[in-house]
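No lab work stands behind these numbers, since they all come straight from the coordinates. Source: prediction; values computed, not measured. Every residue, glycine as well, gets a Cβ built from its backbone with ideal geometry; the counts of neighbours run over all protein chains shown.
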Amino acid sequence: LGTGGRVLVEASPVDRVWGIGLAADDEAAQDPERWRGPNLLGFALMAARERLRAGD
């Protein structure tokens, strides 16, 4: 919950399913249009964060 409203990203260059397929220090990691994966883990964590905030 301490992440506020920030976008959570699994920045792993070898994970193109759960992550973005890029390393955290790759400049393309800052631009979702350039991600090589769907960031499923990041979106799942953001959904869980919202449910916790809502008290679900």
In order over segment 30-39: 3J(HN,Hα) from phi, Karplus 6.51/-1.76/1.60, θ = phi - 60°, whole Hz, x for each Gly or Pro, gives 7, 10, x, 5, 9, 5, 9, x, x, 6
Once amide H atoms are built 1.01 Å from N in the peptide plane, which residues 5 or more positions from ALA23, or in another chain, come under 5 Å H to H? none
Largest first and in whole Å, give the semi-axes of the chain's equivalent ellipsoid, each being the square root of 5 times a Cα gyration tensor eigenvalue. 23, 11, 8
Under a point-charge model restricted to the Cβ atoms of Lys and Arg (+1) and Asp and Glu (-1), what is the dipole moment magnitude of the chain relative to its Cα centre, in debye to the nearest 20? 240
Calculated from DSSP helices alone, with each H run of at least 4 adding -39500 (n - 2.57) and the total divided by the residues of the chain, [θ]222 nm to the nearest 500 comes to -9000 deg cm²/dmol
Applied in sequence order to segment 16-27, the curve 6.51 cos²θ - 1.76 cosθ + 1.60 (Karplus, θ = phi - 60°) yields integer Hz couplings, x standing for Gly and Pro, of 9, 10, 7, x, 9, x, 9, 6, 4, 8, 7, 4
If packing is taken as the average count of other Cβ atoms within 10 Å, what order do 22-32, 7-17 fall into, highest mean first? 7-17, 22-32
